[in-house]
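The numbers here are math on the coordinates, done by the rules we state, and not lab data. A quick note: this is a predicted structure, and the numbers were derived from the prediction, not measured. Backbone-built Cβ (ideal geometry, glycine too); neighbour counts: all protein chains shown.
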Amino acid sequence: MTPPVAAHAPATPRLVRSLIGKKVIMAITGVILLLFVIAHLLGNLKVFQGAEHFNAYAEGLRTLGAPFFPRGSLLWVARVVLLVAVGAHIWAAIVVTRASWGARPVGYHALEAVETTYAARTMRWGGVIIVLYVIYHLLDFTFGRVNPSFVPGDVYHNVIASFRAWPVSAGYGVAMVVVGLHVYHGLWSAFQTLGLNRPPTVRWRRGVAGMVAGLITAGYIAIPVAVLAGVLR
Amino acid sequence: MELRSKVPSGPLAEQWERHRAEIKLVNPANKLKHRIIVVGSGLAGASAAASLAELGYNVSCFCFQDSARRAHSIAAQGGINAAKNYQNDGDSVFRLFYDTVKGGDFRAREANVYRLAQISVNIIDQCVAQGVPFAREYGGLLANRSFGGVQVSRTFYARGQTGQQLLLGAYQALSRQIGLSKVTMYPRSEMLDLVVVDGRARGIIVRDLVSGRVSAHGGDAVVLATGGYSNVYYLSTNAKGCNVTAIWRAHKRGAAFANPCFTQIHPTCIPVTGHHQAKLTLMSESLRNDGRIWVPRRKGDTRSPNEIPDDERDYYLERLYPSYGNLAPRDIASRRAKEVCDEGRGVGPGGHGVYLDFRDAIARLGREVIAERYGNLFEMYQRITAENPFAAPMRIYPAPHYTMGGLWVDYNLMTTIDGLYAIGEANYSDHGANRLGASALMQGLADGYFILPYTIGDYLAQVKLDQLDTAHPAFRRTQAEVSDRVNKLVAAGGRKSVDAFHRELGRLLWDNCGMSRAAAGLQEARDRICVLREEFWRDVYVGGTGEDFNQTLEHAGRVADFLEFAELMCHDALHREESCGCHFREEYQTPEGEAKRDDARFGYVAAWEFAGVGVAPVLHREPLEFATVHPAQRSYT
Amino acid sequence: MKVTLHVWRQAGPAAPGRFVRYDMTDVSPDMSFLEMLDVLNQQLIARREEPIAFDHDCREGICGACGMVINGRPHGPQRATTACQLHMRTFPDGAELWIEPWRARAFPLIKDLVVDRGALDRIVQAGGFITVRTGSAPEANAIPVPKRDADLAMDAAACIGCGACVAACPNASAMLFVAAKVSHLGLLPQGQPERSTRVANLVAQMDAEGFGACTNHGECMAACPKEISIDFIARLNRDYIKAAISHEG
């Protein structure tokens, strides 16, 4: 005998409570973080214009919106938005992951991967790696705790100082590949989760995701490579 | 036993309307007090259960599958007929009625068939409203195709999965009622007996296939929608679980069984490949729209089909039936295939096959059009045979597919037991001695959606039923009998497997009560069935226990019933000394080899009353009167 | 041909399960996979051992009853094919095959390879239908449906409810099943009045059954015997978001 339907006619969709809702949160916060990553990259690339430009850009971030906004205020707004986005992204990821792990208490002898990608399968641990990387990154360039010769305000110097050590550069490189994979699957997933698949979108979703991810990885890696190659000094 | 057909008086076209106006209604408040048991969740069962629940009745619905959605109606491929005349090709209710009566070789009840044709149009409306994604034309209106045995395009279809889509429509309607708690669904539950109290059907005994628990369920009426019995042949196009048990048990409790020997052998199935074969696969009859059927002219021609030039091919259906050609009705197409194979002109391993060739259609319409029309069927064929139908013709051979016979029912679909109804393939009604393509879905849904929900009220409104619970002695007795039988099967410590008995029975029937039948063979088969049945109970091995999930035990119970039923089938085939539709008695044929009916002696429905296992059943005749159509030698030439 | 099977045997939901090895000789390449299991079961019965329980019925790839994971692939390695339609010629002679049931919390095991997929039925019961009372339907051709929509609806409606999508999903998610039902009915004009309540109810029931979340691996689509596309999952998400926003707005 069939047991009665458990949730009887909850005709109101409860976006946040549902697993789909969690995915929507991940998609939206993911897109916010992606926009940050892109903006950050564009800023970073100014390093190729020389110390003066680069340091001016860093200072410019603090005086954004001046004179209307006090120094550093918009930067803090951005930081708060990012922190909330990161928090929500991770929270949703944990809930979704726990649901999925709980959904298969007895595993398979083997489950062959057919359609999925390396990027998709490494989302969870990739996310953890990215968190660790971000912590290191902040300690390196924002707080200067792990930077070999941190000079507050001289961002250009700090970057060169850090990347001159090849293990640091290599670590950054690896982290950027992980970010690229995360962005690739994340962006294409966001299209899917937000239901953006109408023609012609459906045809270029994967391509766009791949291109964005590739450019991000290449752009970020270009800096340590340039430092090690002596182009930036 | 008395057969009262209860056909309303008056002109054919007005009978159903008049009947509906005259039958008694159950008032809405009283409907809530009735419980109706529906066994089976295919097109007929699901549509009936859903419609009854919509009316307010409480329904208990049982199926042996793990979900109502898996009933074998799901496998119907081709389509469903309706007299919509959307193609403007001269179709009408009367023409559909006429085609069906003629296709059935004048062995169906006129009034029922006319009603079926009338209702056909409502079915399409109902299914479209439920969201059945029928094929459409570019203008957004419904598309049609043609099917065997008719000259108009009246078949509605959803790719090659029409049965699936119609069943999902009914399943969804049923699911809605389950969600509303109007229907209690019992999946993985098999009906093993009928409970009759004071001559009325009041409940069933059911075995839960997971726990093995045998339980009794009471109600005010019982509806059997348990499908056909083609699996009596072991190899058939039916699902492995299809069986005769429910209707056979009802028969043993007093329901007359009508025309059991009317079994349809479908012409377009994939031939047998080896002794391991567990079932046969049907290729939709719609393939005959564009495929041409042929065999080599010469016996024992072993050349590959593409090397045989046109003038050495025998397109025998086109030769024998110029006006219908490859779209000749199923019984005829099957018999002719057997004939050419028996002549030694069959193709493929063992010579049990004929070609179904798309070469000309591909040349005429292009590969894309053929792929669009039959792509999924071609893929299925290739998966099973590893041969590509685009490159070489398909090989096909007839296989048991549908059973026109079933429980005898009156115009209200009630059997000879009061309060026991049979709908869909489980009853004998509308197809006579041969069913036309795309008519089974029509009948199942007509019975379930539009006929039974009205007619059952007529009974419930008039009858005074005592309150019963399952502690009643009749329930206890029947339940004990069922448990005993289950225990007996489990305890049987013989040497032969259930499967071996089933195969042997199937072979016996296929050889002697299949596409062509003769008195001597039928007599011999009948005797051998009795012997086999005795051997079964003496020497079968089931194993396991009755208290858990035991698929061998399920099968054993079904085979035990097939072994009793098969005898009745042969008995019926032997008694019907004429050929009609699917029932081809070698002694009765025209010089051209067509079926030769004997309306004077056999223009009736043979309804058999059970008299005991191994005892000759009692024949009751329902004379068939044709007031509107005039039975003639069926001609498709 | 010869094959070596490792079949998951488990007497009941509470009993411990394990793989049992069976060596088969004389397997015909023309056998279907289930026919091969039939032959094995006959051998087991002859040896007075308990046959392997597995669900099956139509054996034509349409009822959705059969389902087992064969070497890590639901329904085996052949594209768009159910286990009953898979033929032994797909495997090389001497192949070693691991056969397991669908594994998901929402599909409790009954015996050996048989699981209870009632969760899928309950999802449909929660709203996977168009409410239409028998007899109340308008004339079938009264509402034209563009061929494109009807065809797309049919693509989704082809779902046989076998559960391979859940079995294949690394997260044991039922999104493809739900997406197929939501899309089938949501694409047709007849399904519009209940479109947002339907998607809300189906998703709520899906979550209540304990299925995992979709993380867009696409394994469901690869395992689906009817090749139902994950594009329908995007459609489900869109419908769900829309329903949520329009309800709250």
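Protection proxy ranking of C:65-71, B:27-33, B:494-500, B:451-457, by the mean of other Cβ atoms within 10 Å over each peptide's residues and highest first, is C:65-71, B:451-457, B:494-500, B:27-33. Taking Lys and Arg as +1 and Asp and Glu as -1, the other residues whose beta-carbon sits under 14 Å from that of C:L185 total +1. Please give the calculated 222 nm ellipticity per residue for chain B, where each DSSP H segment of at least 4 residues contributes -39500 (n - 2.57) and the sum is spread over every residue; nearest 500 deg cm²/dmol? Per the formula, -11000 deg cm²/dmol.
Counting Cβ atoms of other protein chains within 10 Å of each Cβ in C:215-227 and taking the mean gives 5.
With the cut-off at under 17 Å, measuring from each backbone N in the range B:482-514 to a point 7 Å along the Cα-to-Cβ line of B:D527 picks out B:508-509, B:512-513. Using C-alpha pairs under 8 Å with a sequence gap of at least 6, the mean separation divided by the residue count of chain B gives a relative contact order of 20 percent. Take each residue of peptide A:24-32, count the partner chain Cβ atoms within 10 Å of its Cβ, and average: the result is 1. Ignoring aspartates and glutamates fewer than eight residues from B:K31 along the same chain, the ones with Cα atoms less than 20 angstrom from its Cα are B:E22, B:E54, B:D220, B:D418, B:D447, B:D458, B:D466, B:D469. At full extension, B:D511 and B:A627 could sit 38.0 nm farther apart than now, given 0.36 nm per residue minus the alpha carbon distance. Per residue of peptide B:572-584, the mean number of Cβ atoms on other chains within 10 Å of the residue Cβ is 0. FRET efficiency for the B:S304 to B:A518 pair, using the beta carbon distance and R₀ = 22 Å, is estimated at 0.05. As a length-normalised measure over Cα pairs under 8 Å and 6 or more apart, the relative contact order of the range C:3-100 settles at 34 percent.
Cross-link partners of B:K279 among lysines, defined as those whose alpha carbon lies under 25 angstrom from its own and excluding same-chain residues fewer than eight positions apart: B:K240, B:K338, B:K496, C:K2, C:K111, C:K226.
With the cut-off at 22 Å, tell me which of the pairs A:K23/C:K242; B:K24/B:K84; B:K182/B:K252; A:K22/C:K242 have Cα atoms farther apart than that. B:K24/B:K84; B:K182/B:K252, as the Cα separations exceed 22 Å there.
Please list, or write none, the aspartates and glutamates whose alpha carbon is within less than 16 Å of the alpha carbon of C:K181, excluding same-chain residues fewer than 8 places away. Straight-line reach from C:K181, under 16 Å: C:D121, C:D149, C:D151, C:D155, C:E194, C:D207, C:E227, C:D231, C:D239. Sites listed here are trypsin sites (Lys or Arg not before Pro) in the range B:365-408 whose DSSP assignment is loop and whose Cβ has at most 16 other Cβ atoms within 10 Å, and the list is empty. Summing Cβ point charges (Lys, Arg +1; Asp, Glu -1) relative to the Cα centre of the range A:1-130 gives a dipole of roughly 380 debye. Each of B:C513, B:I529, B:C580 was scored by the projection of its Cα onto the charge dipole of the range B:503-607, and the greatest displacement toward the positive side belongs to B:C580; charges sit on the C-beta of Lys, Arg, Asp and Glu. Relative contact order, whole percent, for the range B:267-400 stands at 33, derived from Cα pairs under 8 Å and 6 or more residues apart.
Rounded to the nearest 20 debye, the dipole magnitude of chain B is 840 debye, with +1 charges on Lys and Arg beta carbons, -1 on Asp and Glu beta carbons, and the Cα centre as origin. Neighbour counts of other Cβ atoms within 10 Å put B:S323, A:S73, A:S162 in the fewest-to-most order B:S323, A:S73, A:S162.
Taking +1 at the Cβ of each Lys and Arg and -1 at the Cβ of each Asp and Glu, which of C:S173, A:V208, C:A83 sits farthest along the dipole of the protein assembly as shown towards its positive end, judged by Cα position relative to the Cα centre? Projecting each Cα onto the dipole axis, the largest value belongs to A:V208. The stretch between C:E227 and C:E49, if pulled fully straight at 0.36 nm per residue, gains 60.3 nm over its current Cα-Cα span. Projecting the Cα positions of A:Q192, A:A175, A:I160 onto the charge dipole of the range A:87-233 (unit charges on Cβ atoms of Lys, Arg, Asp and Glu, taken about the Cα centre) puts A:Q192 furthest along the positive direction. To the nearest 10 degrees, how steep is helix A:19-44 against the longest Cα principal axis of chain A, on a 0 to 90 scale? So the helix axis and the longest Cα principal axis differ by about 10 degrees. Against the main long axis of the alpha-carbon atoms of chain A, helix A:51-62 sits at an angle near 50°. Counting neighbouring beta carbons within 10 Å and listing from fewest to most, the residues B:S304, B:S284 come out as B:S304, B:S284. Site pair A:T63 and B:S211 shows an inter-label distance of 8.0 nm when each label is modelled 7 Å from Cα along Cα→Cβ. Going from the residue with the fewest nearby Cβ atoms within 10 Å to the one with the most, B:V232, A:V95, B:V613, C:V132 rank B:V613, A:V95, C:V132, B:V232. This model, with +1 at the C-beta of Lys and Arg and -1 at the C-beta of Asp and Glu, gives the protein assembly as shown a dipole about its Cα centre of some 3120 debye.
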